[in-house]
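Structure first, then comments.
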Amino acid sequence: MTGLVRTSADLEPRRRRILYRCWHRGIREMDLVLGQFAEDNIADLSDAELDELEVIMAEEDNDLVKMVTGALPIPEKFQTPLFMKIASYRPDFDPVTSETTKA
């Protein structure tokens, strides 16, 4: 998967905005992690979880990607069930192989 597959037509404006922002982070690694996480979970997140996700999204992408990959320790403020779910989330990437790059 390399981009939005889920329709946002059935989502309220706040969830639509968060979903969009998760797919348009600034660095592709975080687009893929947060974007696909949001795509798979946005409809089921509580208002409190949406609040927390917005706080997470306010962090710098370079720091977030390092926390998610384990290159940086996760700060105490992010040692929450939602952040741990994001950090353990593994996007469904389409593998790049010589066969997939042939036109």
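Restricting attention to segment 5-58, report how many residues are at positive phi and either free of Cβ contacts under 8 Å to residues at least 12 places away in the same chain or open to solvent by less than 50 Å² (accessible area, probe 1.4 Å) (or both). It would help to see each step written out before you state the result.
So the first thing to find is which residues in segment 5-58 are at positive phi, and the list is 26.
Filter once more, so that each one left must be either free of Cβ contacts under 8 Å to residues at least 12 places away in the same chain or open to solvent by less than 50 Å² (accessible area, probe 1.4 Å) (or both): none.
Count: 0.
Given the condition at positive phi, loosely packed, with under 10 Cβ neighbours inside 10 Å and modelled with pLDDT under 95, answer yes or no: does some residue in segment 77-100 qualify?
Pass one, segment 77-100, residues at positive phi: none.
No, segment 77-100 contains no residue that is at positive phi, loosely packed, with under 10 Cβ neighbours inside 10 Å and modelled with pLDDT under 95.
Restricting attention to segment 1-26, which residues are modelled with pLDDT under 90 and not charged (D, E, K, R)?
Met1, Thr2, Gly3, Leu4, Val5, Thr7, Ser8, Ala9, Leu11, Gly26
Do we have Ala43 as modelled with pLDDT under 90 and of a type in the set (Gly, Ala, Ser) here?
On the way: modelled with pLDDT under 90: no; of a type in the set (Gly, Ala, Ser): yes.
Considered against the rule, which asks whether it is modelled with pLDDT under 90 and of a type in the set (Gly, Ala, Ser), Ala43 comes out as no.
Of the numbered conditions (1) at pLDDT below 95; (2) over 10 Å from the mean Cα position of the chain (by Cα), Leu32 satisfies every one except a single condition; which is it?
The single condition Leu32 does not satisfy is (2).
The values are calculated or read from the model by the stated rules, or taken from the named source; none is laboratory data. What you are looking at is a predicted structure, and each value in this text was computed from that prediction instead of being measured. When we count neighbours, we look across all protein chains shown, and the Cβ atoms used for this are built from the backbone with ideal geometry, even at glycine. Just the protein is used for accessible areas: all its heavy atoms, side chains included, with ligands, DNA and RNA removed. Shrake-Rupley method; radii C 1.70, N 1.55, O 1.52, S 1.80 Å.
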